Amino acid sequence: MAETEQAPDPSAVLDALNATDSNGTEALNATVKFVASPEGTALAYGGLVFMALLPIFFGALRSVTCSKSKNASDMPETITGRDAARFPIIASCTLFGLYLFFKVFSQEYINMLLSVYFFGLGVLALSHTMSPLMSRIFPESFSNKQYQLLFTQGSEESREEIVNYEFDTKNLICLIISTVVGVWYLVKKHWIANNLFGLAFALNGVELLHLNNVSTGCILLGGLFVYDVFWVFGTNVMVTVARSFEAPIKLVFPQDLLERGLDASNFAMLGLGDIVIPGIFIALLLRFDVSLKKNSRMYFYSSFLAYIFGLGLTIFVMHTFKHAQPALLYLVPSCVGFPVVVALLKGELTEMFRYEETPPEDTDSEVKEDSETEKKDQ
């Protein structure tokens with residue numbers, strides 16, 4: 001969901017001017033909010049679009065590598081048709097629960113707990129995002145030592161592993177940098193720190209959440225299409241939670257950046273769900289392109305361009321009507337419709353809907369090796 005803080009109504013400004021007395025300046029400043037310039041508004045919307053495209057593009061590329069990973073800890077989470085059908089219901093219950101929490105309890109204490117929670121998640125997500133880049137920056141001669149964090153319970157005969165985390169020096173450096181960003185976010189709540197965590201969450205979501213087939217993607221996007229439209233147009237729940245929730249679950253960009261610099265405070269925003277949900281569908285189409293082995297990325301590029309079109313349409317309608325818009329209302333038809341049209345033109349619609357995510361080859365080989373070992377032991 002993209003939304004923006006609204007400029008004041010001109011009549012309200014006139015009323016404030018007419019109502020000023022000896023303390024008229026203070027009264028006016030309390031009433032009038034900053035009016036974004038056309039340049040500032042265009043920069044903010046352009047910044048949001050650019051930031052939204054980054055995690056989708058790079059997350060989709062990394063999802064291809066992730067699906068071929070031989071490391072069990074890096075295996076993606078697969079969303080099935082049943083999961084996709086239940087997701088809008090779970091999301092609705094969660095959203096309404098947060099709305100009630102903000103109505104009943106103090107917003108300050110809730111956001112304090114959420115900030116600490118997302119601090120931990122954000123540090124891990126940003127560290128995971130930086131790891132491939134860090135591997136390229138350091139030369140091969142760099143002494144990259146290996147470490148293992150192991151927690152067990154029980155005696156030697158019945159020992160059970162609780163935590164078994166392996167990492168190296170490069171991962172440790174990523175973790176330190178991410179922790180610095182996390183502390184910056186906790187202390188200042190700065191919009192740049194918020195966006196760094198938000199981009200990391202979105203990229204990890206696109207990379208690690210995999211749809212098992214195109215039909216599941218259509219079910220998920222269709223259900224969330226209804227979810228987004230209902231909670232934005234049918235109630236004020238979505239907008240209230242988005243404005244009250246102080247956590248890096250949205251990307252923000254200031255409309256007054258040109259006037260106030262990094263201390264800007266009048267933000268346009270885009271929820272991470274409007275990036276991750278279409279993003280995992282676009283990533284699925286990229287993996288489908290790879291499975292065709294035709295050296296073509298037609299479905300990926302068509303869906304990626306469809307996302308740009310849908311997000312641009314969202315911003316245009318929002319700016320025209322001065323009201324928060326359910327971005328999935330425009331993104332879902334675009335991201336699903338464009339690739340389907342391409343598949344119809346190429347005669348590959350049936351093949352696209354028959355495509356299934358298969359487990360990595362190493363998983364099958366490990367199962368075979370285990371069965372052969374058991375046979376030899378017998």
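The values are calculated or read from the model by the stated rules, or taken from the named source; none is laboratory data. Small disclaimer: the values here were computed from a predicted structure and weren't measured. Ideal geometry is used to build each Cβ from the backbone, glycine not excepted, and the neighbour counts take in all protein chains shown. Side chains are part of the model used for accessible areas, which takes the heavy atoms of the whole protein and leaves out ligands, DNA and RNA. Shrake-Rupley method; radii C 1.70, N 1.55, O 1.52, S 1.80 Å.
Using the Cβ atoms and a cut-off under 10 Å, what net charge is assigned to the surroundings of Ser296, where Lys and Arg are +1 and Asp and Glu are -1?
On the way: positive: Lys293, Lys294, Arg297, Lys346; negative: Asp289.
Taking every other residue near Ser296 into account, the sum is +3.
Give me the distance in nm between label points sitting 7 Å out from Cα along the Cα-to-Cβ direction at Leu262 and Thr240, one decimal.
Between Leu262 and Thr240, the simple spin-label model gives 3.7 nm.
Once the whole set of protein chains is in place, how much accessible area is left on His319, using a 1.4 Å probe, in Å² to the nearest 10?
For His319, the solvent-accessible surface is approximately 80 Å².
Once you have the Cα-Cα distance between His319 and Phe105, take 0.36 nm times their residue separation minus that, and quote the gain in nm to one decimal. Don't jump to the answer; show the numbers that get you there.
Numbers: separation 214, 0.36 × 214 = 77.04 nm, distance 3.31 nm.
Separation in residues times 0.36 nm, less the Cα-Cα distance, equals 73.7 nm.
Amide H neighbours of Thr78 under 5 Å, counting only residues 5+ apart in sequence or on other chains, H built in-plane at 1.01 Å?
Residues meeting the criterion, in which the H sits 1.01 Å from N, are His210.
The range 149-205: which trypsin sites (Lys or Arg not before Pro) are DSSP loop and have at most 10 other beta-carbon atoms within 10 angstrom? Mind showing how you got there, number by number?
On the way: sites: Arg159, Lys170, Lys188, Lys189; in loops: Arg159, Lys189.
Answer in residue order: Arg159.
Take Tyr117 and Ile137, extend 7 Å from each Cα along the Cα→Cβ direction, and tell me the distance between the two endpoints in nm.
3.1 nm
Amide H neighbours of Asp256 under 5 Å, at least 5 residues apart or on other chains, H built in the peptide plane: list them.
Under 5 Å from the amide H of Asp256 lie the amide H atoms of Ser265, Asn266, each far enough along the sequence or on another chain.
Which percent of the accessible heavy-atom area of the range 191-277 goes to carbon and sulfur, probe 1.4 angstrom?
Details: 1920 of 2800 Å².
Taking all protein chains in place, the range 191-277 shows 68 percent carbon and sulfur surface.
With a point put 7 Å past each Cα toward its Cβ, work out how far Gln146 is from Val183 in nm, to one decimal.
Roughly 3.1 nm, to one decimal.
Express the Stokes-Einstein translational diffusion coefficient of the range 100-203 in µm² s⁻¹, to the nearest whole number, given a Kirkwood radius over alpha-carbon pairs, 4 °C and a viscosity of 1.567 mPa s.
On the way: Rh = 16.1 Å.
Rounded to a whole number, D works out at 80 µm²/s.
Amide H neighbours of Asp168 under 5 Å, at least 5 residues apart or on other chains, H built in the peptide plane: list them.
HN-HN under 5 Å from Asp168: Tyr147.
For a protection proxy built on the mean count of beta-carbon atoms within 10 angstrom, sort 77-85, 207-215 highest first, please.
Numbers: 77-85: 14.9, 207-215: 20.7.
Taking the mean over residues of other Cβ atoms within 10 Å, the ranking is 207-215, 77-85.
Past 26 Å, Cα to Cα: identify those pairs from Lys170/Lys250; Lys145/Lys189; Lys250/Lys322; Lys103/Lys250; Lys188/Lys250, in the order given.
Values: Lys170/Lys250 28 Å; Lys145/Lys189 34 Å; Lys250/Lys322 19 Å; Lys103/Lys250 21 Å; Lys188/Lys250 17 Å.
Long pairs (Cα-Cα over 26 Å): Lys170/Lys250; Lys145/Lys189.
Compare the peptides 134-143, 277-286, 342-351 by average per-residue count of other Cβ atoms within 10 angstrom and give them in order, highest first.
Numbers: 134-143: 9.4, 277-286: 27.0, 342-351: 13.7.
In descending order of packing, they fall as 277-286, 342-351, 134-143.
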